Each structure stands twice: as structure tokens, then as C-alpha cells.
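Peer 1: First the structure, which I've put down as C-alpha cells, then a few questions once you've had a look.
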Amino acid sequence: MTFSLLVLYGSYRETRAGIRLADYCVARLAARGHDVSLIDAKAIGLPMLDKRYMDYPPGEAPEAMEELAQTLRAADGFVFVAGEYNWGIQPGLKNLVDHFGNPEWGGRPAGLVSYSAGRMAGARSSSAWHPTLSSLGMAVVPSTVAVGGITGSLDESGTPIGEGGSALERSFAGFAAELEWWAQAAKDRKARG
């Protein structure tokens, strides 16, 4: 079955190595037959959170926010490409997520794909994201993907290289299969009302 999946990425840094992993996720999920889009927080450019989408009267949210809300509600599942900054959550991605609530996020699965420049592979970021996404009504899938030494694991085009790239290739198929299982379960539940 084909699912509508969104890959969300949130680095605003000048040298955004994590975009390699976001591109990899988009390509691999599309190769599995899914309709996949990249949601890049920097490209969307939402302001630092002041008013959430739900705080605006219907039809009065800024255009970029309204368009993203519709895109989020239409998705069957999400993949969060989560970089680790100072042992924590990437601020650009968190800002994007916080603009929306359960109506935009809830009732669908979320997969976590973490990364860092170091050997911890974003594991602390992934752990911090779990309760945040769960609180918004997403079912966070148990399988995760973690990529350490991001620039030694993926080249600039998002192609796996070296030992890290090989490990990513081995782990991604199982992760994707689990995300698909949860997306199907959510669709089946929604169809039953």
C-alpha cells in the first residue's frame, strides 16, 4: 500500500549535514512506493513561536502556516530527522512542531531518525523527542535509526558511504517496514471511525 509520508527536518545551520539524511529518507521511502515530501523548517521559515496555528481564527493564519497545517493533516505518517544539539532537541524542528497541535499531528505514526557528528548518533535527541511527539498524539514507532559521524556516513548527495552508511542501509528497511505497519494500523482504525 502507498502512504503519504512527510520527512521533517529542522536545522538552520550554515553547514547542514543532516539534510543528507533527510534526503536519504525521502529517497528510500519513495523507492518503497510511497508519496514522500520533505518538510524543511528553514525553507518554510515559520517565525519563533508566538501564536500557534490553533490560536488564529479560521482562515486568518499566515499562508505558510495554513498550507503546512493542511499538509500535516493529510499525511499518513511522519519521519523526524532529528539532529542533536548540546545533548538535546534541534531548535528549528521543535519550533516547527510547536506551531501545531493534535489535530495536525495526532492519530498517525512518527518515526525517529537521529544523527550527530559524534559517535552518539543523536541518541539523546531521539530520547527527548519521544515524549514530545507522544504528547501530540503520535504513535512513536519502536524502531529507530541513529547515524553517528554523519559526514562520514552519507556523502553530500545522501548516498551511504563507509561503515556508518552500511549500518544505515542495514537498519533502514526494518524501520520503514515498522512505520508502514503503524501507518496501515492508523488508516484501518480511522476507516472504522
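Peer 1: Tell me yes or no: at least one residue of the stretch 90-107 is within 20 Å of GLU178 (Cα to Cα), surrounded by 19 or more Cβ atoms within 10 Å (Cβ to Cβ) and within 15 Å of the chain's Cα centre (by Cα).
Peer 2: Scanning the stretch 90-107 turns up at least one residue that is within 20 Å of GLU178 (Cα to Cα), surrounded by 19 or more Cβ atoms within 10 Å (Cβ to Cβ) and within 15 Å of the chain's Cα centre (by Cα).
Peer 1: When the residues of the stretch 8-34 are filtered to those that are assigned to a helix (DSSP H, G or I) and basic (Lys, Arg), which remaining residue is farthest from TYR115 (Cα to Cα)?
Peer 2: ARG28
Peer 1: Okay, next question. Any residue at all in the stretch 151-167 that is farther than 19 Å from SER116 by Cα, touching a residue at least 40 places away in the same chain (Cβ under 8 Å) and surrounded by 13 or more Cβ atoms within 10 Å (Cβ to Cβ)?
Peer 2: no
Peer 1: Could you check, for the stretch 32-54, whether at least one of its residues is among the acidic types (Asp, Glu), in contact (Cβ under 8 Å) with a residue 40 or more places away in the chain, closer than 25 Å to ALA177 by Cα and surrounded by 15 or more Cβ atoms within 10 Å (Cβ to Cβ)?
Peer 2: Checked against the condition, which is being among the acidic types (Asp, Glu), in contact (Cβ under 8 Å) with a residue 40 or more places away in the chain, closer than 25 Å to ALA177 by Cα and surrounded by 15 or more Cβ atoms within 10 Å (Cβ to Cβ), the stretch 32-54 yields no hits at all.
For every residue, the table says whether it meets (1) free of Cβ contacts under 8 Å to residues at least 60 places away in the same chain; (2) in contact with a strand residue (DSSP E or B) (Cβ under 7 Å, 6 or more places away or on another chain).
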| position | (1), (2) |
| --- | --- |
| PRO109 | no, yes |
| LEU112 | yes, yes |
| LEU136 | yes, no |
| GLY148 | yes, no |
| ALA176 | no, no |
| ALA186 | no, yes |
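Peer 1: Could you check the stretch 1-37 and list, in sequence order, the residues that are closer than 18 Å to TRP129 by Cβ, within 11 Å of the chain's Cα centre (by Cα) and not aromatic (Phe, Trp, Tyr)?
Peer 2: Once the filter is applied, which keeps residues that are closer than 18 Å to TRP129 by Cβ, within 11 Å of the chain's Cα centre (by Cα) and not aromatic (Phe, Trp, Tyr), the stretch 1-37 yields LEU5, LEU6, VAL7, LEU8, GLY10, LEU21, ALA22, CYS25.
Peer 1: Assess whether ARG119 counts as being crowded, with 21+ Cβ neighbours inside 10 Å, more than 24 Å from ALA139 (Cα to Cα) and in contact (Cβ under 8 Å) with a residue 24 or more places away in the chain.
Peer 2: No: the conditions fail for ARG119.
Peer 1: For the stretch 45-91: of the residues being of a type in the set (Asp, Glu) and part of a helix (DSSP H, G or I), which is farthest from LEU133 (Cα to Cα)?
Peer 2: GLU63
Peer 1: Quickly run through the stretch 66-88 and pick out the residues that are of a type outside the set (Gly, Ala, Ser), buried (at least 19 other Cβ atoms within 10 Å of the Cβ) and modelled with pLDDT of 95 or more.
Peer 2: Scanning the stretch 66-88 gives LEU68, LEU72, ASP76, PHE78, VAL79, PHE80, VAL81.
Peer 1: Would you be able to say whether some residue in the stretch 133-140 is loosely packed, with under 14 Cβ neighbours inside 10 Å, of a type in the set (S, T, N, Q) and over 16 Å from TYR24 (Cβ atoms)?
Peer 2: Pass one, the stretch 133-140, residues loosely packed, with under 14 Cβ neighbours inside 10 Å: 134-135.
Then keep just the ones that are of a type in the set (S, T, N, Q); that gives 134-135.
Add one more test, that the residue is over 16 Å from TYR24 (Cβ atoms), and what stays is 134-135.
Among the residues of the stretch 133-140, at least one is loosely packed, with under 14 Cβ neighbours inside 10 Å, of a type in the set (S, T, N, Q) and over 16 Å from TYR24 (Cβ atoms), which makes the answer yes.
Peer 1: Among (1) free of Cβ contacts under 8 Å to residues at least 12 places away in the same chain; (2) charged (D, E, K, R); (3) touching an Asp or Glu at 6+ places or on another chain (Cβ under 6 Å), there is one condition GLU60 misses while meeting the rest; what is its number?
Peer 2: The one condition GLU60 does not meet is (3).
The values are calculated or read from the model by the stated rules, or taken from the named source; none is laboratory data. Treat the numbers as computed from the prediction; the structure is a model and nothing was measured. FYI the Cβ positions are ideal-geometry reconstructions off the backbone, even for glycines, and counts take in every protein chain you see.
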